[in-house]
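Visitor: Quick one: this structure, given as structure tokens, is what I'll be asking you about.
The values are calculated or read from the model by the stated rules, or taken from the named source; none is laboratory data. On a predicted model such as this, the values are computed, not experimentally measured, just so you know. Counting neighbours? That spans all protein chains shown, and the Cβs are built from the backbone with ideal geometry, glycine included. Each accessible area value is taken on the protein alone, full model and side chains, heavy atoms only, with ligands, DNA and RNA left out. Shrake-Rupley method; radii C 1.70, N 1.55, O 1.52, S 1.80 Å.
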Amino acid sequence: MTTYCKTQTLQVIDTEYSADAVEWCPLADWCSILACGTYQLKKPDSKPGEGDHDDPHTRLGRLYLYRYLPDQLFSPVTELQRMDTSAILDMKWCHLLVAEHPTLGIVNAKGFLELYRLQGSKESCEVQPFSAVDLGEDCLALSLDWSTGLKESCPIKIVCSDSKGRLNLLLVNESAPSIDVISQWEGHKYEAWIAAFNYWNCDIIYSGGDDSLLRGWDTRTSPDTPIFTSKRHSMGVCSIQSNPLRQHILATGSYDEHVLIWDTRQMKQPISDTHVQGGVWRLKWHPIHSNLLLAACMHNGFHILDSDNQSDECSILSSYALHNSLAYGAGWSTLPLQSSSLSNPEPVLVSSNTSVSSSSDTGAQKLDTSMQNLKIFYESPTGSFDVVLEDEYVPVADSKRKAIASATGESQGISEPALSKDEVFASNLVATCSFYDHVLHIWRWEYQRVQSE
């Protein structure tokens with residue numbers, strides 16, 4: 001079996017402020033709607049002769065709302081709304097309607113969890129805040145997750161983490177609507193970078209902190225006592241997501257540049273460990289294909305991993321390295337896409353016997369060099385422009401194989417069979433954003449497995 005992957009950049013947008021969160025609405029009727037959050041430090045104003053100020057920086061934010069129009073060839077993403085806010089640290093859509101409306105949860109630098117209601121038609125919709133709760137004084141609210149990952153009707157809960165190391169469990173009251181704090185406890189000694197539900201049992205919560213600890217909590221008992229503590233990561237744990245399509249599967253990521261896949265029934269050792277060469281700020285399981293995992297890897301761009309590799313590390317199917325700054329926000333869209341014209345690709349010739357080792361120094365250096373050469377350098381006076389950049393079709397189980405084959409001289413392979421449109425396994429719309437260059441990318445990723453002759 002051979003895997004072919006292709007990426008195509010559709011649009012690049014200047015968000016003006018540093019972009020750190022991006023989320024497609026998961027609801028079927030609204031899956032063309034995209035939200036992007038930003039975080040910007042503003043220095044205090046200085047008058048002539050006053051010198052430096054001791055005043056703290058102001059944390060500014062802006063929320064953008066976009067719509068993707070698949071029939072619009074150029075600039076398919078249209079801005080619907082922009083709203084100045086406090087600096088946004090994380091945001092996620094609820095997987096179910098809340099009081100009959102799509103609802104976006106946002107945590108910000110003032111320590112608040114805020115809920116925004118999407119209203120209007122798809123052509124002219126906008127979000128408006130309707131409820132908020134203060135998580136505590138002098139803290140930044142760092143992450144949130146909804147309990148609705150399986151899209152099942154149940155009491156809707158939210159878990160948040162903050163810069164004081166605390167975890168906050170909240171209940172959404174749809175009839176009011178309002179947010180009620182159920183419990184709050186200290187989960188970590190330093191920043192609690194991430195908190196997430198076990199979507200298959202929402203009484204269980206996972207958290208990761210700057211203390212390098214991954215912890216689990218059972219909220220049916222005393223929540224201040226963890227049911228497990230893992231020291232498997234060597235640096236701060238900043239991303240966690242339960243797989244909504246496979247029970248007992250959990251993904252975690254850390255500043256230590258490793259993505260770990262766990263079986264939640266046995267949390268002593270992960271079932272796979274993949275070095276992605278960049279701090280893992282966010283992880284997103286594919287909404288349809290349970291083996292695919294999107295990783296935002298800070299200094300090393302974005303990667304798509306295949307957890308079905310049947311080995312102690314995931315295959316890296318594709319890498320998207322066209323951002324020029326820290327890779328922070330990433331999200332899959334559930335919008336159905338028609339496959340592009342793929343009937344006559346020109347695959348790279350790679351030996352099927354080429355071995356791939358993520359520890360290969362030469363291969364890693366080649367990969368790093370090739371990714372640096374792929375980056376785009378630009379200035380955008382208009383705030384938005386269009387590019388179409390296509391990767392070569394690479395028949396690999398790991399996208400690093402091409403670089404390593406070139407480095408080792410093992411490039412004499414055989415031609416792979418032509419692809420047909422009917423064989424396309426996945427055609428996906430992806431949004432990613434990066435920080436200091438304040439850029440949002442919209443791109444298509446196509447992935448196909450064919451039987452080798």
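Visitor: Determine whether region 118-129 contains at least one residue that is in contact with a Lys or Arg (Cβ under 8 Å, 6 or more places away or on another chain) and charged (D, E, K, R).
Guide: yes
Visitor: Is there any pair with a first residue in region 89-103 that is more than 18 Å from Ile240 (Cβ to Cβ) and a second that is open to solvent by 30 Å² or more (accessible area, probe 1.4 Å) and not in a loop (DSSP other than H, G, I, E, B) whose Cβ atoms are under 8 Å apart and which are 6 or more apart or on different chains, and what are they?
Guide: Cβ pairs passing all conditions: Val98/Arg117; Ala99/Arg117; His101/Arg117; His101/Gln119; Pro102/Trp30; Pro102/Arg117; Thr103/Arg117.
Visitor: Quick one: is Ser222 in contact with a Leu (Cβ under 7 Å, 6 or more places away or on another chain) and more than 24 Å from Gly329 (Cα to Cα)?
Guide: Spelling it out, it is not the case that Ser222 is in contact with a Leu (Cβ under 7 Å, 6 or more places away or on another chain) and more than 24 Å from Gly329 (Cα to Cα).
Visitor: Continuing with this model, one more query. Of a type outside the set (A, V, I, L, M), out of contact with any helix residue (DSSP H, G or I) (no Cβ under 9 Å at 6 or more places or on another chain), surrounded by fewer than 18 Cβ atoms within 10 Å (Cβ to Cβ) and in a strand (DSSP E or B): does that describe Gln81?
Guide: Here the answer is yes, as Gln81 does meet what is asked.
Visitor: So for region 121-143 (the condition being in contact with a His (Cβ under 6 Å, 6 or more places away or on another chain) and of a type in the set (D, E, K, R)), does at least one residue qualify?
Guide: No, the conditions are met nowhere in region 121-143.
Visitor: Scan region 84-117 for residues that are aliphatic (A, V, I, L, M) and either in contact with a helix residue (DSSP H, G or I) (Cβ under 7 Å, 6 or more places away or on another chain) or open to solvent by 10 Å² or more (accessible area, probe 1.4 Å) (or both) and jot them down.
Guide: If the condition is that a residue be aliphatic (A, V, I, L, M) and either in contact with a helix residue (DSSP H, G or I) (Cβ under 7 Å, 6 or more places away or on another chain) or open to solvent by 10 Å² or more (accessible area, probe 1.4 Å) (or both), then Leu89, Leu96, Leu97, Ala99, Ala109 are the ones that fit.
Visitor: Could you list all residues from region 301-327 that are more than 16 Å from Val22 (Cα to Cα) and open to solvent by 20 Å² or more (accessible area, probe 1.4 Å)?
Guide: Answer for region 301-327, where residues must be more than 16 Å from Val22 (Cα to Cα) and open to solvent by 20 Å² or more (accessible area, probe 1.4 Å): Ser307, Asp308, Asn309, Gln310, Ser311, Asp312, Glu313, Ser319, Asn324.
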